[in-house]
Every structure is written in C-alpha cells, then in structure tokens.
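Written out below as structure tokens is the structure these notes cover.
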Amino acid sequence: MISLRVKVCVSLQVVWMGINIFLFLWFYFFYDLGDQFFYTRKLLGSALAWARAPAAVLNFNCMLILLPVCRNLLSLVRGSFVCCSRTMRKQLDKNLTFHKLVAYMIALMTAVHTIAHLLNLEWLNNSRQGVYDKLSTDLSKLEDTESSTYLNPIRIKDMIPTYFAFTTIAGLTGVIITLALILIITSSMEVIRRSYFEVFWYTHHLFIIFFAGLVFHGAGRIVRSQQSTNPPHNVTFCKDRSDDWGKIPECPIPQFAGGFPQTWMWVIGPMILYLCERCLRFIRYMQTVKYRKIVMRPSKVLELQLVKNGFKMEVGQYVFLNCPAISQLEWHPFTMTSAPEEDFFSVHIRSAGDWTDKLIDLIINQIFFRLGVDGPFGTASEDVFDYEVSMLVGAGIGVTPFASILKSIWYKFKDSDPNLRTRKIYFYWLCRETHAFEWFADLLQVLEKEMEERGLGDFLTYKLYLTGWDQSHATHVMVHFDKETDVITGLKQKTCYGRPIWDKEFEQVCKENPTSAVGTFLCGPEALAKVLEKKCAKYSDIDPRKTKFYFNKENF
C-alpha cells in the first residue's frame with residue numbers, strides 16, 4: 001500500500017507528464033492529418049509534425065520554467081497552505097527538482113524540434129531546386145514575387161540553407177535560443193555548480209536572451225498552411241493538375257499563410273510574475289541591514305548576527321545574501337540558525353567556495369562591507385512542529401536549520417508555550433571533523449540542562465557521529481573514556497564513531513512511538529537523502545493507526 005503522500009507526489013508528476021504527452025500527440029496529429037497542411041506535408045513529409053509537436057510542448061514548459069524560481073510567490077502560496085495537508089506544502093519544497101525536470105523536457109523537445117527543422121530546411125531547399133517531383137517544384141514556385149501567399153519560404157533557387165538560417169527571424173532566433181540553452185544546461189551540471197558557482201550563476205542569466213528569442217521566434221511564420229479561396233481549391237482533385245491551377249474553376253491557385261505567433265501568449269504571464277519577483281528582491285536589497293555580532297567559529301565557520309527592520313522569520317527558513325564588495329549580482333542561500341523568538345537573525349557560513357572564502361577573508365582582514373538580504377523563504381523544516389515526533393538529521397553545516405528549531409524549542413519550554421505539539425525529538429548530526437562540533441555544542445549543553453531541570457530528559461534524544469578521525473584522537477578518547485562527559489563536546493551524550501545504522505535507529509523510533517506520525521527532516525547530501533527516504537517507506541506501517549514516517553529534505 002502506498003501512502004497518501006507518495007500518491008499525491010506521483011500524481012502531480014503524472015499530471016505534468018500527461019499534459020506533455022497530450023500536447024505532443026494532439027499537435028502531431030493536427031499537423032500530420034490536417035487538410036490545410038496537405039501541400040505543406042508534400043514539401044516536408046512527416047518532419048512537419050515532428051517539428052510542430054515539440055514546439056507545443058516547449059511552449060507549455062517554457063511557461064512553467066520560471067515559476068519554480070519565483071521564491072516570494074512560492075512562499076506566499078506555501079503560507080496559504082498552512083491549514084492544508086502537509087503533502088500539498090511538500091510539493092512546493094521540491095520547486096528546484098521540478099525546475100530541473102521542466103528544463104530536461106525543454107532540452108529534449110528543443111533537440112527534436114531543431115533536428116526536424118534542419119531536415120525541413122534541406123527538403124525545402126531541394127524542392128525549390130526541383131530535385132523532387134513536379135508537384136513539389138510547382139508548389140515551391142508559387143508567387144515568386146514579394147507576395148505573402150507563397151508556401152516555400154526559400155524564395156531564391158540557389159540559396160545556401162545556412163544563409164536562410166542566419167538571415168531569417170526564425171532561423172536567427174532559433175540559433176540564439178539553442179546556443180543559450182546549451183550554455184545554460186552545461187553550466188548547470190553538478191561539477192560546475194559546486195566548483196565554479198560564478199560560471200553557473202552568470203551563464204544561467206542567459207535565460208533573458210533565451211526568452212527574448214523565444215518571443216520573436218515565431219514572427220517569421222515559416223510554417224504555412226493552405227487558406228480558403230473562392231471558389232475553394234479542392235486538393236484531392238487538383239493535386240495532380242498543377243498545370244491547370246488558375247485556369248479552371250475547380251483549381252484556383254492555392255493560397256498560403258503562416259500561423260499567428262503564439263509563444264508569447266504562453267510565456268508573458270510568467271515573465272511578468274518573474275519581473276515582479278525581481279523588483280521585490282531589489283527593494284529588499286536596498287533595505288538597510290545592521291550587524292549585531294560577527295564571530296569566527298572553529299572549522300572556518302563564520303557566524304553573522306544581523307538586524308533588519310520588519311524582518312520576521314519562522315524556524316528552518318533561509319535567506320539569500322548578497323555582498324556587493326564581492327559581486328553585485330550573486331545571491332547565495334543560507335539557512336538561518338536563530339529562533340523566531342530572538343530579536344535578530346543569524347546565519348552560519350562555512351568556507352565552501354570562492355564566494356564564501358572571499359566573504360570570510362573580508363572579515364579576517366576587518367574590511368567593512370555592505371550586505372543585502374532577501375527573504376525569509378519557507379522550507380520543509382517549517383513543518384517540524386506539525387508532527388508529534390520529529391527526526392532531525394544534519395550533515396556538516398547542514399545542521400543549521402536544526403539549530404533554529406532547537407533554539408525555538410528552548411524558548412518554547414522557557415515560556416511554557418501551550419501550543420507546542422511536539423513531544424519527542426530525535427536529533428542526529430554527522431561530522432567529519434571534531435572542530436565542527438564546537439560551535440553547536442553550547443546550544444546542546446543549554447538544552448540538555450533545561451530538559452533535565454524540567455524533568456523532560458526524554459524529550460530530546462541526540463546522537464553526534466564523528467565520521468573521520470586519526471590515531472592520536474582515538475588514543476585521547478581511550479584515555480578519557482571513563483569521564484562523565486564527552487571529551488569532544490563536553491556533553492553527557494558520548495560522541496559515536498562512524499555512521500549511524502539507520503535500520504537500528506528507525507526500529508527504535510518505531511518501538512518508542514508505536515502510533516505516531518514521524519516527520520523525518522534532512523539537511524544534507526543527496527546520497528543520504530535516498531537512504532533515509534527508503535527507510536521512511538520501509539518502516540511506515542500499512543495500518544494508518546500505527547507509525548508513519550514522512551520524509552522531508554531541504555532544497556536550495
């Protein structure tokens with residue numbers, strides 16, 4: 001039995017794919033069987049339908065591609081679902097996954113569309129030169145003057161096909177669109193995005209050129225259909241009597257016209273929404289951000305405590321930061337580590353690339369810099385208090401959203417918040433280095449003490465895993481093994497070495513919470529996400545009255 005959450009997720013993907021398949025088939029048969037394209041198919045064959053069907057799918061997906069990156073729009077919609085099913089909100093958290101999915105479809109349909117039109121261009125040129133049969137030649141000769149009723153858009157007999165591609169609106173914009181798309185997709189590869197983020201960032205903004213070319217691409221109207229005449233031109237009777245066209249009443253000279261450009265009607269709405277999105281981001285960028293505190297933590301982790309008028313956040317949310325001293329255009333996402341109850345918001349920034357390295361260097365060299373903040377934006381971690389039981393899994397700096405959650409819990413207990421629904425939290429943190437624990441251990445010590453004083457020692461179960469160590473560290477641990485507190489963190493809970501045995505952990509959660517909905521939240525690598533998602537499915541009981549696991553992952 002599949003859970004409702006999985007059904008909704010799958011059904012949304014099926015709806016999207018179903019629309020793509022419907023559009024492709026509808027327009028394929030429209031151009032392949034339509035009487036008005038009989039003479040056009042005589043010149044182009046089945047390549048006509050293979051060019052136009054992908055174009056329809058491209059229009060649909062180009063309409064969608066900008067919506068998943070309208071962060072403010074998504075946050076607004078997500079907020080409107082606060083009283084609805086968590087499965088509906090969860091779909092919005094997969095906005096970047098959907099963005100990539102749509103991009104793959106655009107790439108595929110562009111390839112099919114381009115190949116089909118290259119064949120069309122060759123066949124149009126051959127028809128114009130009389131390579132094929134008499135009907136194809138006569139159709140290509142119709143109205144050799146400047147008349148707009150021609151069928152073959154290649155008007156010069158000895159024209160080189162590449163000349164046509166670079167001198168017509170459709171050809172030139174097609175080349176520009178294709179080149180822009182190739183650069184956007186290749187620079188979006190994981191290896192480029194992680195190692196050369198600036199290349200990815202700047203190349204991705206070629207989408208402006210892509211959409212500009214897209215709007216004008218159909219203005220050339222090179223795909224032409226037969227128009228009504230008086231008297232009507234009977235294709236069945238006249239197709240074999242081209243010498244009699246215009247000479248007998250039954251066969252007037254056929255008239256042709258290009259279709260009205262429609263792409264702009266598909267994309268104009270999303271383009272306006274995205275323009276409003278960028279305007280809102282600019283307004284937020286211009287708002288003053290003040291520094292409350294700057295701290296360099298171990299393992300080259302920078303903590304910024306910031307203040308901004310009118311800024312309100314929820315647990316687990318993230319902001320985009322811009323530092324004009326480094327780059328005017330680059331914005332990078334960071335999860336906030338502060339709690340909504342605090343009068344400031346904070347982020348922890350780990351050295352992980354050129355931009356973060358430059359930012360940390362500015363701090364080390366005590367160079368003052370202005371900071372732009374856009375947000376906050378909602379994530380899956382916002383829903384942590386909607387579950388009675390939550391499993392929080394952080395890897396390295398991926399602990400940041402859970403810092404916000406655990407701080408907020410501390411404030412809620414301190415203020416005896418009656419609305420706190422959560423009754424149990426399991427927290428797992430995986431790190432490669434011992435120093436990485438240091439900046440977060442203070443918060444855990446406070447929570448540990450607070451829970452004990454209130455008699456709620458079982459509320460928070462946390463396990464810290466060190467995945468990398470050397471012999472000297474192992475020796476040091478063995479010498480101090482009998483100490484009451486951990487030698488690394490100073491906590492009563494001893495640090496574990498290696499990686500969690502997830503089957504054992506999930507079995508324990510099931511045993512301790514036999515009738516609960518358990519929210520499993522991850523901020524970490526994709527490989528770990530796949531493991532946890534499988535475990536959530538494996539240990540979710542078929543009986544709806546028993547333990548159910550709901551997987552949630554941070555996406556940026």
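The values are calculated or read from the model by the stated rules, or taken from the named source; none is laboratory data. Bear in mind that the values here come from a model prediction, so they are computed numbers and not experimental data. Methodologically, a virtual Cβ is constructed for each residue, glycine included, from the backbone with ideal geometry; neighbour enumeration extends over all protein chains shown. Heavy atoms of the whole protein, side chains included, go into the accessibility calculation; ligands, DNA and RNA do not. Shrake-Rupley method; radii C 1.70, N 1.55, O 1.52, S 1.80 Å.
Side notes on the structure shown:
- A single member of Ala212, Ala219 is in contact with a helix residue (DSSP H, G or I) (Cβ under 6 Å, 6 or more places away or on another chain) and among the small types (Gly, Ala, Ser), and it is Ala219.
- Subset of region 32-55 (residues that are in contact (Cβ under 8 Å) with a residue 24 or more places away in the chain and either open to solvent by 20 Å² or more (accessible area, probe 1.4 Å) or not assigned by the TED database to the domain that holds Val102 (or both)): Asp35, Gln36, Phe38, Lys42, Gly45, Trp50, Arg52
- Close Cβ contacts (under 7 Å, 6 or more residues apart or on different chains) running from residues in region 205-217 that are touching a residue at least 60 places away in the same chain (Cβ under 8 Å) and not assigned by the TED database to the domain that holds Met63 to residues that are part of a helix (DSSP H, G or I) and open to solvent by 40 Å² or more (accessible area, probe 1.4 Å) comprise Phe211/Met271.
Residue-by-condition table, conditions (1) among the aliphatic types (A, V, I, L, M); (2) more than 38 Å from the chain's Cα centre (by Cα); (3) outside the structural domain of Arg71 (by the TED database):
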| position | (1), (2), (3) |
| --- | --- |
| Thr110 | no, no, no |
| Asn120 | no, no, no |
| Ser127 | no, yes, no |
| Leu142 | yes, yes, no |
| Gly174 | no, no, yes |
| Leu179 | yes, no, yes |
| Ile185 | yes, no, yes |
| Phe197 | no, no, yes |
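- Selected residue (only one of Ser140, Ser136, Ser148, Ser127 is among the hydroxyl-bearing types (Ser, Thr, Tyr) and surrounded by fewer than 17 Cβ atoms within 10 Å (Cβ to Cβ)): Ser148
- Scanning region 108-124 for residues that are surrounded by fewer than 16 Cβ atoms within 10 Å (Cβ to Cβ) and under 22 Å from Leu183 (Cβ atoms) yields a count of 4.
- Exclusive hit being touching a Leu at 6+ places or on another chain (Cβ under 6 Å) and assigned to a helix (DSSP H, G or I), set Ile184, Ile176: Ile184
- Any hit, region 206-221, residues being assigned to a loop (DSSP other than H, G, I, E, B), surrounded by 12 or more Cβ atoms within 10 Å (Cβ to Cβ), within 21 Å of the chain's Cα centre (by Cα) and modelled with pLDDT of 90 or more: yes
- Boolean, Ile248 is assigned to a helix (DSSP H, G or I) and surrounded by fewer than 16 Cβ atoms within 10 Å (Cβ to Cβ): no
- Test: Thr379 is buried (at least 20 other Cβ atoms within 10 Å of the Cβ) and out of contact with any Asp or Glu (no Cβ under 6 Å at 6 or more places or on another chain): no
- Here the condition is being under 20 Å from Arg297 (Cβ atoms), touching a Ser or Thr at 6+ places or on another chain (Cβ under 9 Å) and at pLDDT 70 or above; of Phe385, Phe437, Phe427, it holds for Phe427 alone.
- Looking only at residues in region 334-372 that are assigned to a strand (DSSP E or B) and of a type in the set (A, V, I, L, M), the one that is nearest to the chain's Cα centre (by Cα) is Met336.
- Residues that are in contact with a strand residue (DSSP E or B) (Cβ under 6 Å, 6 or more places away or on another chain) and farther than 30 Å from Lys141 by Cα, drawn from region 250-293: Arg281, Arg284, Tyr285, Val289, Lys290, Arg292, Lys293
- Search result, residues across region 35-67 that are part of a helix (DSSP H, G or I) and hydroxyl-bearing (Ser, Thr, Tyr): Tyr39, Thr40
- The set of residues in region 285-333 being of a type in the set (Phe, Trp, Tyr) and either in a strand (DSSP E or B) or surrounded by fewer than 16 Cβ atoms within 10 Å (Cβ to Cβ) (or both) consists of Tyr291, Tyr318, Phe320.
- Residue in region 495-536 that is nearest to Tyr428 (Cα to Cα), counting only those that are in a helix (DSSP H, G or I), open to solvent by less than 40 Å² (accessible area, probe 1.4 Å) and touching a residue at least 40 places away in the same chain (Cβ under 8 Å): Glu505
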